[in-house]
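Colleague: The structure under discussion is supplied below as structure tokens; questions concerning it will follow.
No value in this document is a laboratory result; all are computed from the given coordinates. In this text, all values refer to a predicted model and were calculated from it rather than measured experimentally. Here Cβ is always computed from backbone atoms with ideal geometry, including for glycine, and neighbour counts include all displayed protein chains.
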Amino acid sequence: MRLIALIKRVLTQMRRSPRTIGLMFIAPLFILSLMYVLLANNNTVNSYVGTYNLNHQIAENLETKHLKLSSTNSDRHIQKQMKDHNWIAFIDMSDRKNVEVTYQNSDLGKTQLVKNGLKASIMKLKSKDLVSNLKVSGQALKAQKQAILTQQKALKELAAHLPAPARAKMSKPTNKPKVTGKIVTPTDYKITSHYIYAGANATFFDQALPALVTFFVFFFVFLISGISLLSERTSGTLSRLLATPIRRSEIIFGYIIGYGIFAIIQTLLIVCFTVFVLNVHIVGNFWLVFLTNVLVAFVALTMGIFASTFAQNEFQMMQFIPLLVIPQVFFSGIIPLAGMAQWLQWIAHIMPMYYAGNTMINVITKGYLLSDVWLNLVILAAFGILFTLLNILGMRRFRQV
Amino acid sequence: MTNNLVSVQNIAKSYDGKHPILKDINLELLAGQIVGLLGPSGAGKTTLVKCIMGMQSVDHGKIEVFDTPMPNRQVLGKIGYMAQSDALYDELTARENLIFFGNLLSVAKADLNKMIEHAAQVVNLTNDLDKPVSDYSGGMKRRLSVAIALLQSPHLLILDEPTVGIDPELRQQIWQELKQLKSENKSIIITTHVMEDAEQCDYLMLIRDGYAISQGTPSELKEKFGVDSIEEVFLSAGRDK
Ligand SMILES: Nc1ncnc2c1ncn2[C@@H]1O[C@H](COP(=O)(O)OP(=O)(O)O)[C@@H](O)[C@H]1O
Ligand SMILES: [Mg+2]
């Protein structure tokens, strides 16, 4: 009854404050769209790639509306040639089997464009070889089948003229039919990549987006839950609430459920927007992505409430953002953990965003299943439960019982 | 068992363990009595009220409300409380605020509407009940806070500066209601720094810097210091300390 009254009140308050609704529902979508436009959609300008001795089939597959190839008769002074012609990459196939690519790499999106294009064209070529091989073996199979049939027929005829014991002794045909046609070994092109700027790991948009989506869920829920409980305290209503027989835990649960309802709607909105409007392909399960973010929202909600107990006003609450929130984004998988110093790796493990970001990256880009990421989810839930307990304990400051 | 609704014995309180805010306070509240805690701002009135409600711990001494040692969560449901600052939800209407606090006090749904109507009538807010509190003036907010305290018609009312920012006419009206409640054998603790309020109380405790500098009925106090008004009592008592 008291809990329901509290939840109802939180929901009514939220419904009546359009700014908060806007901050929760519109702002994340706005920022995501902006990032999408800025980071992903820069491939509409024509880009040029220099080639030397490139296999003409690969070249055919690689060339698109926005990606033009121009061949050159020298594989020397590559860097200078690239600079002179403003090529974003140089593909060198002087050795027929090895594809040596040099990327300008100042624009990760373009590097990705060439890289993916090249991979796809080579795959296409390979599969073409395979298909022709399949045809050849198909013919061979047909020939073999024909031979067996002929043989069986002959044997049957023969058997009819033999006495029974001899018939039983007859074994299966043993002679192999001759295979006609030639099997081509598909060329295994080896791609070697060189980067003029930065390194091979910089697949920014691919890696950043899943982690950033979950970061936004965290950020906005943290902010709103923290500020709401703070204003409940500074306006004196929290103290007034505690002058009724309400349980301290009821206040915390009321908040978690009330704001949790909004957080879940927000999460669903952000995830759907990412998938259906921004067309980000999720390799793994949509609901697993959703579940991960619901847990993130739970952690953010309880962390926000916790942080608010250490703030005296809204401005002090904002001061927690560079302290508690922004650092988390760096550990959410945007920057590979492997390259970090040992102590930083240790810090990462106490950050909820580390578990959330990695789960998102693994589910979205690698198709990890629940059975692969469950431990991360359990850890996220544990963070949420820990902060819930701390919040209930923290309420003691305002009333003894 | 005593027939005291509230019994405060020898309490001492300090927020930081160093600077005492309340020292050696004793107070008894009988049924059908209005007790006034009178003192300047910063004297410790709100702190004393919060200790009685069990929202603040005391360092020393004993507090009982309805013969139950405080702090006790269930007892809070039997106290009508009005905080010094208006603790209202601006986004909600006055009625929604009343319903919310009614629900927290577990008032039965069937009775709630009647109680809201009655409480609103006492503080003259019947026609403004469905306005959002954000549209209320300061005085209207005070009155709504009083209405919330009166809501479940509790046997014990604790009102922290209920008459601040309220016009004289309404102050009179609120006092009328308090007297009415008193005649129903209900008890009231009221804090104030206004002398007019003090004159209306049955029993006064004068507080300064955490000390109860004097206590007794208004006439006892006036007699004791040989003066005509509580204001003069306060000044004389203060000089003694
Ligand atoms: N939560 C608190 N923490 C520390 N000091 C407090 C707190 N609340 C009140 N005080 C101090 O206690 C003293 C008495 O305050 P209060 O009880 O509010 O006085 P009154 O209600 O009589 O104006 C003041 O000096 C005030 O600064
Ligand atoms: Mg006060």
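Colleague: For chain A, what are the DSSP H helices with axial Cα length of 15 Å or more and mean Kyte-Doolittle hydropathy of at least 1.6?
Modeller: Membrane-span-like by this criterion, though nothing is claimed about a membrane: A:27-40, A:248-272, A:286-308, A:370-394.
Colleague: Measuring from centroid to centroid over Cα atoms, what is the spacing of the stretch A:122-153 and the stretch A:250-273 in Å?
Modeller: That distance is 59 Å.
Colleague: Quick one: check the C-alpha center-to-center distance for the stretch A:1-42 versus the stretch B:187-226, whole angstrom.
Modeller: 52
Colleague: Can you spot the aspartates and glutamates whose alpha carbon is less than 19 Å from A:Lys119's alpha carbon? Ignore those fewer than 8 places along the same chain.
Modeller: Straight-line reach from A:Lys119, under 19 Å: A:Glu60, A:Glu63, A:Asp92, A:Asp95, A:Glu100, A:Asp107, A:Asp129, A:Asp188, A:Asp206.
Colleague: Under a point spin-label approximation (7 Å from Cα along Cα-to-Cβ), what is the B:His19-A:Ala59 distance to one decimal in nm?
Modeller: 8.6
Colleague: Return the average number of partner chain Cβ atoms within 10 angstrom of each residue Cβ along peptide A:227-235.
Modeller: If you average over the peptide's residues, the count of other-chain Cβ atoms is 1.
Colleague: Next question. Loop-only check: which chymotrypsin sites (Phe, Trp or Tyr not before Pro) in the stretch B:56-150 are DSSP coil with at most 16 other Cβ within 10 angstrom?
Modeller: For chymotrypsin sites (Phe, Trp or Tyr not before Pro) across the stretch B:56-150 that sit outside H, G, I, E and B with at most 16 neighbouring Cβ atoms in 10 Å, the list reads B:Phe66.
Colleague: Then there's this: Using the Karplus equation 6.51 cos²θ - 1.76 cosθ + 1.60 (θ = phi - 60°), what ³J(HN,Hα) coupling, rounded to whole Hz, does each residue of the stretch B:33-40 give in order, writing x for Gly and Pro?
Modeller: Once rounded to whole Hz, the list reads 10, 10, 9, x, 9, 10, x, x.
Colleague: So how do A:287-296, B:183-192 stack up, highest first, on mean other-Cβ count within 10 Å? Before the final figure, lay out the partial values.
Modeller: Values: A:287-296: 22.6, B:183-192: 19.8.
Most protected by this proxy first, the peptides run A:287-296, B:183-192.
Colleague: Over chain B, what is the relative contact order in whole percent, taking alpha-carbon pairs under 8 Å and six or more residues apart?
Modeller: 26 percent.
Colleague: Rounding to the nearest 10 and keeping the result within 0 to 90°, find how far the Cα-based axis of helix B:138-150 lies from the longest principal axis of chain B.
Modeller: Relative to chain B, helix B:138-150 is tipped by roughly 90 degrees.
Colleague: Still on this structure, I have one more. Can you tell which of B:Leu150, B:Met70, B:Leu48 lies farthest toward the positive end of the dipole of chain B, using +1 and -1 charges on the Cβ of basic and acidic side chains (Lys, Arg; Asp, Glu)?
Modeller: So the residue furthest toward the plus end is B:Met70.
Colleague: Just from its helices, what would the mean residue ellipticity at 222 nm be for the protein assembly as shown, if runs of 4 or more DSSP H residues each count -39500 (n - 2.57) and the sum is divided by every residue, rounded to the nearest 500 deg cm²/dmol?
Modeller: -17000 deg cm²/dmol
Colleague: Two decimals is fine: what's Rg over Rh for the stretch A:309-393, C-alpha atoms, Kirkwood radius as Rh?
Modeller: Answer for the stretch A:309-393: 1.03.
Colleague: Just subtract the alpha-carbon distance of A:Ile392 and A:Asn133 from 0.36 nm times their residue separation and send over the number in nm, one decimal.
Modeller: Working it through step by step, the gained length comes to 86.4 nm.
Colleague: Okay, next question. What is the gain in length, in nm to one decimal, between A:Lys156 and A:Met340 on full extension, counting 0.36 nm per residue of separation less the C-alpha to C-alpha distance?
Modeller: Net length gain for the segment: 58.7 nm.
Colleague: Let me ask something additional. So how far apart, in nm, are the two label points at A:Ser235 and A:Asn279 if each is 7 Å from Cα heading toward Cβ?
Modeller: Calculated label separation equals 4.5 nm.
Colleague: Need one value for B:86-94: mean number of C-beta atoms belonging to other chains within 10 Å of its residues' C-beta atoms.
Modeller: Neighbouring Cβ atoms belonging to other protein chains average 5 per residue here.
Colleague: Can you classify chain A as rounded, prolate or oblate using the Cα gyration tensor, where a ≥ b ≥ c are the square roots of its eigenvalues, rounded means a/c under 1.5, and otherwise it's prolate if a/b beats b/c and oblate if not?
Modeller: oblate
Colleague: Still on this model: Using the Cα centre as the reference, give the magnitude of the dipole from point charges on the C-beta atoms of the stretch B:91-241 (Lys, Arg: +1; Asp, Glu: -1; all else neutral), rounded to the nearest 20 debye.
Modeller: Rounded to the nearest 20 debye, it is 340 debye.
Colleague: Also, quick follow-up: Based on the alpha-carbon gyration tensor of the stretch B:121-174 and its eigenvalue square roots a ≥ b ≥ c, which shape applies: rounded if a/c is under 1.5, prolate if not and a/b is larger than b/c, or oblate?
Modeller: It is oblate, given that a/c is not under 1.5 and a/b is not larger than b/c.
Colleague: Compute the helix-to-body angle for B:230-240: its Cα long axis versus the longest principal axis of chain B, expressed 0 to 90° and rounded to tens.
Modeller: 40
Colleague: Need one value for B:57-64: mean number of C-beta atoms belonging to other chains within 10 Å of its residues' C-beta atoms.
Modeller: 1
Colleague: Can you tell me the FRET efficiency between B:Glu177 and A:Leu369 if r is taken as the Cβ-Cβ distance and R0 is 56 Å, rounded to the nearest 0.05?
Modeller: Working: r = 67 Å, r/R0 = 1.19.
It comes out at approximately 0.25.
Colleague: Give me the distance in nm between label points sitting 7 Å out from Cα along the Cα-to-Cβ direction at A:Met1 and B:Glu231, one decimal.
Modeller: 4.8
Colleague: Sequence gap at least 6, Cα distance under 8 Å: using those rules, report the relative contact order of chain A to the nearest whole percent.
Modeller: The value is 19 percent.
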